[in-house]
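Here's the structure, in structure tokens; my notes come after.
Laboratory data are not the source of any read-out in this text; all were calculated from the coordinates shown. As the structure is a computational prediction, the values presented were derived from the model and not from experiment. For neighbour counting, all protein chains shown are included, and Cβ atoms are generated from backbone atoms with ideal geometry for every residue, glycine included.
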Ligand SMILES: N[C@@H](CCC(=O)N[C@@H](CS)C(=O)NCC(=O)O)C(=O)O
């Protein structure tokens, strides 16, 4: 049986969980704790030390979008990719666009609520944890976010990307119920991102993005949403996000009202 390595609440892994549930594929789960992410055993499966990883017999796959496409192609069940090359290209554009926004989601999640876990560590313990991060850019970004949270220099570019992604979705949903024709991998990819934006208090409201709001209600009604997100969300994680959102409410609003965010709303929602 296919095995998904992940941990609760990981946005990228949730994309692949949604795909497994939408397809109706039976799967095993291996929960990857923070210690296991850094272990040699796990790094052999995923050199970057991140989730998700999918193992299907001798096939080991990393990268959430690659895994989603594999699940759709390798297993029976509803087809989640359009037939026509043009629509398929559009879906692939969404997979790439959502992937490109992941750094922004990571920065903002970390700034608002993940950082507390690290900010309370003794300096030498924190440094040891930072040294486990394989890339210099990720490591230094994390160092800045632990120190300054949403006041770090990374916050504005991140929130602008977060707004731009939602503005693009609003535009795509102007005259259709799903991002590309019927429900596809594109919708599955965007779902955990919007879920996180909502929790962080950076989801556009229904006046700014009415079509996105309707799409979001539709996504939440799908059984895959319950199985991959709602049923797996702990009260502790909801409380942590709420506490961060409330604590930094003024800063979040200041960033959302920044002219760069307003520009993203204007440029990407209706560039004509
Ligand atoms: N581009 C990768 C990103 C994977 C990634 O960064 N995953 C996050 C969770 S969403 C992770 O494992 N983070 C662990 C950490 O930063 O310690 C993908 O889409 O699979």
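Counting only DSSP beta bridges with both residues in the range 2-74, the antiparallel share comes to about 60 percent. Where the centre of each part is set by its Cα atoms, how far does the range 122-154 sit from the range 238-272, in angstrom? That distance is 23 Å. Extension gain for the segment residue 83 to residue 243, taken as residue separation times 0.36 nm less the Cα-Cα distance, is 53.2 nm to one decimal. In this rough spin-label picture, where each label sits 7 Å from Cα along the Cβ direction, the residue 221-residue 147 distance is 4.9 nm. Gain on full extension, evaluated as 0.36 nm per residue between residue 140 and residue 117 minus their Cα-Cα distance, stands at 6.6 nm. I'd like the distance between the alpha-carbon centres of the range 159-225 and the range 1-63, rounded to an integer number of Å. So the two Cα centres are separated by 24 Å. Above 25 Å, the calculated P(r) of the chain contains 46 percent of its Cα-Cα pairs. The Cα-based radius of gyration of the range 92-245, divided by its Kirkwood radius, gives an Rg/Rh of 1.00.
Given the chain, what percent of its DSSP beta bridges are antiparallel, to the nearest 5? Of those bridges, close to 60 percent are antiparallel. From its DSSP helices (H runs of at least four residues, each -39,500 (n - 2.57)), the chain gives a residue-normalised ellipticity at 222 nm of -19000 deg cm²/dmol. Take the Cβ atoms of residue 74 and residue 250, set R0 to 51 Å, and the FRET efficiency comes out at 0.60. Compactness of the range 98-137, taken as the C-alpha radius of gyration over 2.2 N^0.38 Å, stands at 1.33. Full extension of the segment from residue 39 to residue 232, taken as 0.36 nm per residue of separation minus the current Cα-Cα distance, would add 67.0 nm.
The modelled label-to-label distance between residue 257 and residue 28, using points 7 Å beyond Cα along the C-beta direction, is 5.4 nm. Protection proxy ranking for 244-255, 64-75, using the average of other Cβ atoms within 10 Å per residue and placing the highest first: 64-75, 244-255.
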